[in-house]
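The values are calculated or read from the model by the stated rules, or taken from the named source; none is laboratory data. The model shown is predicted, which means the values in this text are computed figures rather than measured ones. As a convention, Cβ positions derive from the backbone with ideal geometry for all residues, glycine included, and neighbour counts pool all protein chains shown. Each accessible area value is taken on the protein alone, full model and side chains, heavy atoms only, with ligands, DNA and RNA left out. Shrake-Rupley method; radii C 1.70, N 1.55, O 1.52, S 1.80 Å.
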Amino acid sequence: MREFKSINLSLLLSELQGSISEDVIMIASCNYGDHCSTQQVIPLTGVEIGYVRESAYSNSGFKIIENDDERQPDDQKVIILNPETNTNVDDALTAQQLEECIEEILMQDTELLETPITFGSPYGDRAGTIQANNADVYGMGECRVQESAYSSSGMAIICEEDETEFDTDTDNDTNYYTIA
């Protein structure tokens, strides 16, 4: 079986303890799959230990195992940052809250620091596959978001080249930080 690759919990924790403001809203993003390749917002709502396995019904090639009864011995352990995929951005954690959730899970097992992180998003198939998305350091940073019909969460990241198509009201005081 192929290995799921993503940044590990240690790297995310060091990023959170770095220069990120404690009150910034933590999100992830992945391609919605439309013709414009909209980067939909995935709210980060918690931290839990989970498992992934290869799947043809996922853009990443991996799916999150949602039920422990379905787990197989060769499934790979991961840290899931959004255990509830049907949430909106108002449910997302701040950087401080996410750091606290990570520290809580590390009290169970410090070896989890080397575990890759993932966040789920619906693939859109009939079976309801939750695809495992990977994160990398190049996708991390502050971002602006706006409502979008082309997103499961109802929000999308505004790309610089798309700003002319969106309301670019800069008076919005909510800060967002994406990990992918």
* Structure fact -> Going through region 99-115 in order, the residues found to be open to solvent by less than 80 Å² (accessible area, probe 1.4 Å) and outside any helix (DSSP H, G or I) are ASP109, THR115
* Asked: If THR87 passes every condition in (1) at pLDDT 90 or above; (2) under 22 Å from PRO122 (Cβ atoms) but one, which one does it miss?
  -> (1)
* Selected residue (criterion: surrounded by the most Cβ atoms within 10 Å (Cβ to Cβ)) from residues of region 116-131 that are modelled with pLDDT of 95 or more and over 18 Å from ILE25 (Cβ atoms) -> THR118
* Which of (1) modelled with pLDDT of 95 or more; (2) under 21 Å from GLN108 (Cα atoms) does LEU16 not meet, given it meets every other one? -> (1)
* Structure fact -> Log entry, pairs with first residue in region 67-95 being free of Cβ contacts under 8 Å to residues at least 40 places away in the same chain and of a type in the set (Phe, Trp, Tyr), second being open to solvent by 20 Å² or more (accessible area, probe 1.4 Å) and part of a loop (DSSP other than H, G, I, E, B), beta carbons closer than 7 Å, six or more apart or on different chains, reads none
* For region 84-128, enumerate the residues that are within 17 Å of ILE49 (Cα to Cα) and among the charged types (D, E, K, R). => GLU84, GLU99, GLU100, GLU103, GLU104, ASP109, GLU111, GLU114
* To do: Exactly one condition in (1) closer than 26 Å to GLN146 by Cβ; (2) at pLDDT below 95; (3) open to solvent by 30 Å² or more (accessible area, probe 1.4 Å) is not met by GLN96; state its number.
  => (2)
* Asked: Within the bounds of region 133-147, is there any residue that is hydroxyl-bearing (Ser, Thr, Tyr) and closer than 22 Å to SER14 by Cα?
  -> yes
* Asked: Would you pick out the residues in region 19-50 that are within 20 Å of LEU112 (Cα to Cα) and either of a type in the set (Gly, Ala, Ser) or over 15 Å from the mean Cα position of the chain (by Cα) (or both)?
  -> GLY46, GLY50
* Can you pull out the residues in region 24-80 that are acidic (Asp, Glu) and surrounded by 21 or more Cβ atoms within 10 Å (Cβ to Cβ)? -> none
